[in-house]
Amino acid sequence: MPPLSRGLHETVLTELLAKRISAGDLDGDEQYESLRNAEAADRLALHLGSVVERAIEALPERDRARVGVHIARQLIQQAVAESSQRDLQAELPVEPARILRAVLGRLPDGTPAPIDVPLIPLLDTTLLTNAPGEPRVGHQLLTEISSADRIDVVMAFIRRTGIRPLLDRLRRHVENGRSLRVLTTVYTGSTESDALLMLRSIGADIRVSYDISATRLHAKSWLFHRESGFSTAYVGSSNLTHSAQVSGLEWNVRISAARNRPVIDKIAAVFDSYWENSEFEPFDVDRFAEATKAARSPRTAISLSPVEIRLDPFQERLLEQIELARQQGHHRNLLVSATGTGKTVMAAVDYARLRARLPRARLLFIAHREEILKQSRGTFAHALRDASFG
């Protein structure tokens, strides 16, 4: 067994670990802290789960379910004996071990109504990359819809090619009285009005952000709410386009509420905060068309040079004088410099430095000709590394 490596650890100190440390089996000096009461349940449950998993996996495969249930019953009985939570006694797994897979409704003829089961088990948190041999994210999303009680989608770009494969399932979802909420944006003009009309035609509730500034929406996420407690979410790089859902080199994390409940709760809370934010407006065809046209206009099409702006020594000295004046409490300053000496560049760099300290800093740039404004906007975008600036 190699020595304990240098770096950060967050491990419950066990007797084995303490023995290794006392024997000097580590590559450095150890540092401890007490287990916080507020974190005790989570940290000890994580450690205990790991120990139980290793113990059951070490058993012959034919005995794992039977002996595993016996171990679980003993642990729960001990927990009941040590705590005041007598209701935990009801959490004893039955013998022989069984798993409840679904609670089914009934069809008009009285037979059970089947529910499509996602390809990835509801308990699993995993990464999807559209790699050969694993489920494509688009197909996996398709298998999640039927079992969801509510669906929330936040998607930067939505196109018809991404919607079509999912449309029938989403339509049945809404026809069964279940909600479908969609948040999107007009950034770069990539979202198609026809795609949103397709969603609206099946009963989706859609809101749009018309912000194309540096704070624009760029998230891609699905949240499948299940009243059973087995909600799932997808967060990653895939927009609602055919290539992103099927063939693109995309990374998407599928998150299970059963394993990662705090993450699911945060996704739901952030989505609700966006939904209630006035920045997101109910989808209106005319408003969307106007905003999309503006987003696609040449005004936003700035190509950023890979070369960073470097000031000349005299320019740095001028900006140092302005910074000194600010430190002395003078915030209305005038820089005078001859034509061709880079006043716009100095202004752009000065603003970029200010915004690093004051993220919400705003700028009013005034010139007497439109051509100067266009050129200056390019300079500021270059300094800020933000092609949509201005």
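The values are calculated or read from the model by the stated rules, or taken from the named source; none is laboratory data. The structure displayed is predicted, hence computed values, not measured ones. All Cβ positions, even for glycine, are placed from backbone atoms using ideal geometry, and neighbour counts span all protein chains on display. We work out accessible area using only protein heavy atoms, side chains counted, and drop any ligands, DNA or RNA first. Shrake-Rupley method; radii C 1.70, N 1.55, O 1.52, S 1.80 Å.
Observations on the model:
Here is a yes/no grid of residues against (1) surrounded by fewer than 21 Cβ atoms within 10 Å (Cβ to Cβ); (2) β-branched (V, I, T); (3) without any contact (Cβ under 8 Å) to a residue 24 or more places away in the chain:
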{"position": "D152", "(1), (2), (3)": "no, no, no"}
{"position": "T161", "(1), (2), (3)": "yes, yes, no"}
{"position": "R171", "(1), (2), (3)": "yes, no, no"}
{"position": "R207", "(1), (2), (3)": "yes, no, no"}
{"position": "Y210", "(1), (2), (3)": "yes, no, no"}
{"position": "W222", "(1), (2), (3)": "no, no, no"}
{"position": "A233", "(1), (2), (3)": "no, no, no"}
{"position": "T241", "(1), (2), (3)": "no, yes, no"}
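- Residue check for T188: open to solvent by 50 Å² or more (accessible area, probe 1.4 Å) and either touching a residue at least 12 places away in the same chain (Cβ under 8 Å) or more than 13 Å from G138 (Cβ to Cβ) (or both): yes
Yes/no per residue for (1) of a type in the set (F, W, Y); (2) surrounded by fewer than 12 Cβ atoms within 10 Å (Cβ to Cβ); (3) closer than 16 Å to Q245 by Cα:
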{"site": "D87", "(1), (2), (3)": "no, yes, no"}
{"site": "R106", "(1), (2), (3)": "no, yes, no"}
{"site": "T111", "(1), (2), (3)": "no, yes, no"}
{"site": "L122", "(1), (2), (3)": "no, no, no"}
{"site": "T125", "(1), (2), (3)": "no, no, no"}
{"site": "V137", "(1), (2), (3)": "no, no, yes"}
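- Scanning region 227-262 for residues that are of a type in the set (D, E) and closer than 30 Å to Y187 by Cα turns up just one, E250.
- Residue list for region 342-360, restricted to those being surrounded by 14 or more Cβ atoms within 10 Å (Cβ to Cβ) and either of a type in the set (D, E) or in a loop (DSSP other than H, G, I, E, B) (or both): G342, D350
- One residue stands out in region 4-15 among those that are open to solvent by less than 80 Å² (accessible area, probe 1.4 Å) and modelled with pLDDT under 85: the one that is nearest to the chain's Cα centre (by Cα), namely G7.
- Checking A18, A65, A41, A23 one by one, the residue that is more than 25 Å from R261 (Cβ to Cβ), loosely packed, with under 10 Cβ neighbours inside 10 Å and of a type in the set (A, V, I, L, M) is A23 and no other.
- Exactly one residue out of S201, S237, S247, S228 is free of Cβ contacts under 8 Å to residues at least 60 places away in the same chain, open to solvent by 60 Å² or more (accessible area, probe 1.4 Å) and among the small types (G, A, S): that is S201.
- If you go through region 260-285 and keep only what is closer than 19 Å to S179 by Cα, open to solvent by 30 Å² or more (accessible area, probe 1.4 Å) and touching a residue at least 40 places away in the same chain (Cβ under 8 Å), you end up with I267, Y274, E281, P282.
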